[in-house]
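Novice: After the structure tokens below, expect a handful of questions from me.
FYI, it's all coordinate maths here, none of it is from the lab. Remember, predicted model here, so these are calculated numbers, not experimental data. Don't worry about glycine lacking a Cβ; one is built from the backbone with ideal geometry, like all the others, and counts go over all protein chains shown.
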Amino acid sequence: MNQRLHAPLVTFTIVILVIYVPFETWYSLPRLWDPFYLVDFIGMVLLGWGVVLCRRAPSRGLAVLATGYGWTGANFWRALFGRVQAMAQGDVLRLGWAEMCFVACGTVVALVGLAWSLRLATRADRG
């Protein structure tokens, strides 16, 4: 597969990880063994692994990126609507609207990454 086709997705993923990993880790401190953080961590590992594999074996890397974005997108989706439900019940978010915006944007970014990686993976699969 032509490296130029997936290089922008790899760069996009690295930028996402540079923002997502430290922020989510900080937000979850000191409960890094909490199941909610562990689900995030699995997504982070899948995305990082996909980046590394894209440089060695692009077809496999794109499959792992698609998996990572699917996992992360589902997690962000759950987190977003969990917060929507909490706010509807009168709860206050720890970081207020900034938290809601981060989770909503994370959901959109993960779904964009999922669609992008699936498109490239299916293109690579065709030859």
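Novice: Tell me which residues, restricted to the range 15-26, are touching a residue at least 24 places away in the same chain (Cβ under 8 Å) and not aliphatic (A, V, I, L, M). I'd like the intermediate steps shown before the answer.
Specialist: Residues of the range 15-26 touching a residue at least 24 places away in the same chain (Cβ under 8 Å): 16-17, 20, 23.
Correct list: TYR20, PHE23.
Novice: Still on this structure, I have one more. Just to be sure, is PHE12 of a type in the set (A, V, I, L, M, F, W, C), in a helix (DSSP H, G or I) and closer than 17 Å to LEU120 by Cα?
Specialist: On the way: of a type in the set (A, V, I, L, M, F, W, C): yes; in a helix (DSSP H, G or I): yes; closer than 17 Å to LEU120 by Cα: yes.
Judged against the criteria, PHE12 is a match.
Novice: Looking only at residues in the range 24-34 that are charged (D, E, K, R) and part of a loop (DSSP other than H, G, I, E, B), which one is farthest from ALA66 (Cα to Cα)? Walk me through how you get there before you give the answer.
Specialist: Going residue by residue through the range 24-34, those that are charged (D, E, K, R) are 24, 31, 34.
Subsequent filtering for residues that are part of a loop (DSSP other than H, G, I, E, B) retains 31, 34.
Details: ARG31: 28, ASP34: 25 Å.
Across the range 24-34, the extreme among qualifying residues is ARG31.
Novice: Out of the range 1-24, which residues are farther than 21 Å from ARG119 by Cα and loosely packed, with under 13 Cβ neighbours inside 10 Å?
Specialist: Of the residues in the range 1-24, the ones farther than 21 Å from ARG119 by Cα are 18-24.
Scanning the range 1-24 gives VAL18, PRO22, PHE23.
Novice: Restrict the check to the range 83-105 and report whether at least one residue is closer than 15 Å to PHE12 by Cβ and without any contact (Cβ under 8 Å) to a residue 40 or more places away in the chain. Break it down into steps so the answer makes sense when it comes.
Specialist: Step one: of the range 83-105, the residues closer than 15 Å to PHE12 by Cβ are 105.
Subset that is without any contact (Cβ under 8 Å) to a residue 40 or more places away in the chain: 105.
Within the range 83-105, one or more residues are closer than 15 Å to PHE12 by Cβ and without any contact (Cβ under 8 Å) to a residue 40 or more places away in the chain.
Novice: Which condition number does TRP116 fail, the rest of (1) crowded, with 19+ Cβ neighbours inside 10 Å; (2) under 19 Å from ASP40 (Cα atoms) being met?
Specialist: Going through (1) crowded, with 19+ Cβ neighbours inside 10 Å; (2) under 19 Å from ASP40 (Cα atoms) one by one, TRP116 breaks only (2).
Novice: Let me ask something else about it. I'm checking my understanding of the structure. Among residues of the range 33-48 that are within 19 Å of ARG94 (Cα to Cα) and not aromatic (Phe, Trp, Tyr), which one is surrounded by the fewest Cβ atoms within 10 Å (Cβ to Cβ)?
Specialist: Here is the first cut: in the range 33-48, the residues within 19 Å of ARG94 (Cα to Cα) are 34-37, 40.
Filter once more, so that each one left must be not aromatic (Phe, Trp, Tyr): 34-35, 40.
Numbers: ASP34: 11, PRO35: 8, ASP40: 24.
Step by step, filter the range 33-48, then rank; the result is PRO35.
Novice: Could you list, in sequence order, all residues of the range 53-67 that are in contact (Cβ under 8 Å) with a residue 24 or more places away in the chain, buried (at least 22 other Cβ atoms within 10 Å of the Cβ) and among the aliphatic types (A, V, I, L, M)?
Specialist: If the condition is that a residue be in contact (Cβ under 8 Å) with a residue 24 or more places away in the chain, buried (at least 22 other Cβ atoms within 10 Å of the Cβ) and among the aliphatic types (A, V, I, L, M), then LEU62, LEU65, ALA66 are the ones that fit.
Novice: Also, I was wondering about something else. Go through the residues of the range 25-32 one by one and say whether even a single one is closer than 21 Å to VAL112 by Cβ, surrounded by 13 or more Cβ atoms within 10 Å (Cβ to Cβ) and not aliphatic (A, V, I, L, M). Steps first, answer last, please.
Specialist: As a first pass, look at the range 25-32 and keep what is closer than 21 Å to VAL112 by Cβ: none.
No, that holds for no residue.
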